[in-house]
Amino acid sequence: MSTWILRIWLGLVLLFVFMPIIFSVVFSFNSDRFPTIPLGHFTLHWYQTIWADPDVWTAARNSVIVSLSTCVLATMLGFCTAYTDYRYNFRLKGAYLALILLPPTIPLIILALAMLAWLSKIGASGQLWSIIIAHTVLTAPFAMAIIRLRLNQIDQDLEAAGWNLGASEWVALRAVVLPFCRPAIVSALCLTAAISFDEFAVAWYVGGLNKTIPVLILEIVQGNIDPQVNSIGSFVFLTSMTLVVLAQLLVFNRVMWRSA
Amino acid sequence: MTALVKIDAVEKRFGDFVAVRCMNLSIDQGEFVAIMGPSGCGKTTTLRILAGLEQPTSGKILIGGRVMNDVSAHQRDTPMVWQSLALFPFLNVRENVEFGLKMRRVAVQERSRRAIDWLERMEIADLAGRMVDTLSGGQRQRVALARALVTEPQLLLLDEPLSALDAHLVIRMQGVLNRLQRELGITFIYVTHSQSEAFAMADRVVIMNNGGIAQVGSPRDIYRTPANRFVAEFVGRNNILTGNATVGGIDTAVGLVKTTHSVTTGSAVTLVIAADQIAISRKPAPGAVETKLISEEFVGSVVTLFLEAGDGTEFKVQLQERALAELDIHSGGSFHLTWPDNIAHILPISPS
C-alpha cells in the first residue's frame, strides 16, 4: 500500500517537473499561434518553418561544433586531473582538487561576465572558440568527477601489473588505465556535451555574434510570440536528454562497470 | 648452480620507516625460495624492489649478473603474480595472457598461439574467450599464472597468490605451482605469510622480521633448528623454555632438561622443544612434567593441546587425532609430558 502511495507521489513529482516540457512539445505540433487550450489542429508547420530558416541551421551548426569540441577538451582535462589525483600525492592536493571543482559552484552569470572580461582583455572574445574555452572551463569538473569515480574502483595493482608485463608508463596508461575508464570517459563525453549544448548565459556573453541554439531561442522569444520556439526546444530537449540518459546508463550499468 | 638473483646490502626506507634493512640474499637459478614473515616485515617490499616497482634506498639488485637498480619495471623480465591477481577486467582470458607478448611486439598470430598454448598447459583453454570476472577463483589464478609465464621468464615473483583461495584449492594450486616450477626449471620467489605454503613448496625459506632476515634455510632447518626466538615463535607449535645451564643440562622452571650441547655453565639459555616431539601420557613417569589441559585445537587430523604446568609454564603438544581417544582429554586430571633426551634445540645467544 505504502509503496503505491510512494509511486503515485513520484509520478506527480515527475509530472510537475516535466509538465512545461511536455506542453512545449505538445504546442510545437499545435496550429494555433498562441499556446491556449483547447488546442487547434495538428500541424508540422512550425517544424517546416525552422527547417527553412537559415538562422536556425547556423545556430545548430554552432551548437554542434561548440558542444563536440567542448566535450572532447573537457573530458581530456577531466581525465588528466582525475588521474593526477589517483596517481600522485602532493602538498596542497586538497586545494588543487577544490580549485578544479570550483567552476560549477560559481553563479553562471558571474562566470559569464568574468569570462567576457578576461577573454576580451586577451582578445579572445566574440569567437566561436571563445564559447568553447568558456564551456570547457565550466564542464571539465563534471568530467573529472565521473572519471574520478571510476578510478576509485581500480585495483591498485592494475597499472603496476601493466608495467610488470612490459608496458612503459605511457603504454600502460593507454593499454590499462584508459580501457578501464572507458565507460566513464564515454559517459563524461555525453554529459559535458549535453551541458554545453544547453548552456545559454556564458554562450550569450562571450559568443558575440555567434549564436548557439539557446541564444537563438532567446532572441526569437524576445521579439514576439513564435511557436517555432517550441519545436526548437523539443529538439534541444531530445538531444540533451539522449546524451544525459546515455551518460547515466554508462555510469550505472553494472556489466560495464564490473571490475575484477 | 649460479646465482640468478643477488640482493646486495639492500635497504629501503619510506621516510623514517625502514621497510627493508641491510638485506643480503643470493638466489640460485631454478630455486624455489619462499619469503615468509608477519605483515609489515618487508617481504612484499623486497618483492616489489625485485620487480622494479620500488627503488632501494641503498644497495644493489643483480639479476643474471646485471645490476638492475636503474632498469625500470617495464624493462625487467620479472613477471609477478599479484595477491589481488590484477587481471585486466576489460580483456578476456586470452587477451589477458597475451598482454606481455603484445608489449614485446610479438606478431598477432604468434602471440595468440602462445597464449592458447599456455592456457592449455594450465588446463583452461576452453575459457579463452571469457571475461575474467566470470571466472571462479581457481580459474583466475590459472589465468594469472599463464599471463605471467607466457613470456617464459627466468624468474617468477609471486606475492601471496593463494591467499584468496579456499583451503582445498590452495593444496591443488600448490601442486600446480610445484610441478610448473620443476618442469620449467625457473626461479620462483614466493612471498607468503602461510607457513604451510612455504614449507610445502620451497627449497629454501627466508624468514623476515622488522625488515631484516631472521633466518634462511631449508624448511626442515627452520622447523627443527630455529636460529632465534623470533623464528621459533613464528614457526609456531614450538615450546620455548628459558633456564640456566648446569652440568648435564639446562635448569628450567619445570626441571632439568637434558642436553649434550656444550653451553657455558651458569649462562642463561633459551631452548626450543617442537610440539610434536613431546610425548603425553596419563601415567606419571620419572622426570615428567605434570600439566593441566587448557584448550585444544583441531586442524584436520592433527590436534594441538595447550597445557599448563604448576608454575604457569605453557606447553604445546601436537599429536594425531586418533591418538586422542586413549587420553580421554575431557575428564580433567593431569597429563604428564616427557621428551627424549637431547631433543631440545638450544637457541644461540643473540645480542638482541
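The values are calculated or read from the model by the stated rules, or taken from the named source; none is laboratory data. Keep in mind the model is a prediction, meaning the values are calculated, not measured. So basically every Cβ, Gly included, is an ideal-geometry build from the backbone, and we count neighbours across all protein chains shown. Note: accessible area is taken over every heavy atom of the protein model, side chains too, but ligands, DNA and RNA are not part of it. Shrake-Rupley method; radii C 1.70, N 1.55, O 1.52, S 1.80 Å.
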Subject >> Options A:Thr84, A:Leu191, A:Val251, ranked by Cα towards positive dipole end of region A:57-252, top entry (Cβ charges) >> reply: A:Thr84
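Select from region A:33-94 those trypsin sites (Lys or Arg not before Pro) which occupy a DSSP coil region and have at most 15 other Cβ atoms within 10 Å, ordered by residue number. Present the calculation step by step, with values, prior to reporting the outcome.
Values: sites: A:Arg33, A:Arg61, A:Arg87, A:Arg91, A:Lys93; in loops: A:Arg33, A:Arg91.
Hits after loop and neighbour filter: A:Arg33, A:Arg91.
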Original post:
Can you give the angle from 0 to 90° between the axis of helix A:108-121 and the longest principal axis of chain A, with both taken from C-alpha atoms, to the nearest 10?
Top reply: 80
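Would region B:198-338 count as rounded, prolate or oblate if I go by the C-alpha gyration tensor, calling it rounded below 1.5 in a/c and otherwise prolate when a/b exceeds b/c, oblate otherwise? The partial results should precede the final answer.
Values: a/c = 2.24, a/b = 1.18, b/c = 1.90.
Verdict is oblate for region B:198-338.
How much net charge surrounds B:Asn178 when only the other residues with a Cβ under 15 Å from the Cβ of B:Asn178 are counted, with Lys and Arg +1 and Asp and Glu -1? Mind showing how you got there, number by number?
Numbers: positive: B:Arg121, B:Arg142, B:Arg172, B:Arg179, B:Arg182, B:Arg204; negative: B:Glu31, B:Glu183, B:Glu197, B:Asp203.
Result for the local shell: +2.
With a Förster radius of 41 Å, plug the Cβ-Cβ distance of A:Asp55 and A:Phe90 into 1/(1 + (r/R0)^6) and report the FRET value to the nearest 0.05.
Values: r = 50 Å, r/R0 = 1.21.
Efficiency, from the Cβ-Cβ distance: 0.25.
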Subject >> Cα-centred dipole magnitude for region A:85-213, charges only on beta-carbon of K, R (+1) and D, E (-1), debye, nearest 20 >> reply: 220
Subject >> Spatial separation of Cα centroids for region B:89-147 and region A:113-146, in angstrom >> reply: 46
**OP:** Please identify every one of the GluC sites (Glu not before Pro) in region B:106-206 that sits in a loop by DSSP and has no more than 14 other beta carbons within 10 Å of its own beta carbon.
**Re:** B:Glu123
Original post:
Tell me, which residues of region B:48-80 get at least 50 Å² less accessible area when the other protein chains come in, versus the chain alone (1.4 Å probe)?
Top reply: B:His74
Original post:
Leaving out ligands, DNA and RNA, what percent of the accessible area of chain A is carbon and sulfur, probe 1.4 Å?
Top reply: 73
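Write down the accessible area per residue of the protein assembly as shown in Å², having rolled a 1.4 Å probe over the full set of protein chains. Before the final figure, lay out each step's value.
Details: 30270 Å² over 612 residues.
Heavy-atom SASA per residue in the protein assembly as shown reads 49 Å².
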Original post:
Alpha carbon centre of region B:162-238 versus region A:188-243: separation in Å?
Top reply: 67
**OP:** Any chance you could check the Cα centroid distance between region A:75-92 and region B:38-65 for me, in angstrom?
**Re:** 28
**OP:** Would you mind computing Rg(Cα) / (2.2 N^0.38 Å) for the protein assembly as shown, counting N as its residues?
**Re:** 1.42
**OP:** Mind telling me which of A:Phe235, A:Phe18, A:Phe29 comes out most flexible in a GNM of chain A, alpha-carbon contacts under 10 Å?
**Re:** A:Phe18
Subject >> Chain pair A, B: total accessible area buried, heavy atoms, 1.4 Å probe, Å² >> reply: 1900
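Between B:Thr134 and B:Lys258, what is 0.36 nm times their sequence separation minus the Cα-Cα distance? Round to one decimal in nm. All intermediate terms of the calculation are to be shown ahead of the outcome.
Values: separation 124, 0.36 × 124 = 44.64 nm, distance 6.00 nm.
Length gained between B:Thr134 and B:Lys258: 38.6 nm.
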Original post:
Say the dipole of chain B comes from +1 at the beta carbon of Lys and Arg and -1 at that of Asp and Glu; which of B:Thr78, B:Leu271, B:Gln139 then lies farthest toward its positive end?
Top reply: B:Thr78
Original post:
Taking a ≥ b ≥ c as the square roots of the eigenvalues of the Cα gyration tensor of region B:124-205, is the shape rounded (a/c under 1.5), prolate (a/b larger than b/c) or oblate?
Top reply: oblate
**OP:** Measure nothing but the geometry: give the 0 to 90° angle between the long axis through the Cα atoms of A:128-151 and the longest principal axis through the Cα atoms of chain A, rounded to 10°.
**Re:** 50
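In the neighborhood of A:Met115, defined by Cβ-to-Cβ distances under 13 Å, what is the net charge if each Lys or Arg adds +1 and each Asp or Glu adds -1? Could you put the intermediate results ahead of the total?
On the way: positive: A:Lys121; negative: A:Glu199.
Around A:Met115, the charge tally is 0.
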**OP:** Count the net charge of all other residues whose Cβ sits under 12 Å from the Cβ of A:Arg61, scoring Lys and Arg as +1 and Asp and Glu as -1.
**Re:** 0
Original post:
Most fluctuating residue of A:Ile185, A:Ile131, A:Ile122 in a GNM of chain A with Cα springs under 10 Å: which is it?
Top reply: A:Ile122
Original post:
In region B:124-163, which residues become less accessible by 40 Å² or more once every protein chain is in place, relative to the chain on its own, using a 1.4 Å probe?
Top reply: B:Asp133
**OP:** About the Cα centre of chain B, how large is the charge dipole given +1 on each Lys and Arg Cβ and -1 on each Asp and Glu Cβ? Please answer in debye to the nearest 20.
**Re:** 1000
**OP:** Calculate how large, on average over all directions, the projected area of the Cα convex hull of chain A is; give the answer in nm² to one decimal.
**Re:** 19.4
**OP:** Treat every Asp and Glu Cβ in the protein assembly as shown as -1 and every Lys and Arg Cβ as +1, leave all other atoms uncharged, and give the resulting dipole magnitude about the Cα centre to the nearest 20 debye.
**Re:** 940
Original post:
Along the positive direction of the dipole of the protein assembly as shown (beta-carbon charges: Lys, Arg +1; Asp, Glu -1; about the Cα centre), which of B:Ile213, A:Leu73, B:Ser196 reaches farthest?
Top reply: A:Leu73
Original post:
Largest first, what is the accessible-area ranking of B:Lys60, A:Lys121, B:Lys43 with a 1.4 Å probe?
Top reply: A:Lys121, B:Lys60, B:Lys43
Original post:
Taking springs between alpha-carbon atoms closer than 10 angstrom, which of A:Asp157, A:Asp85, A:Asp32 fluctuates most in the Gaussian network model of chain A?
Top reply: A:Asp157
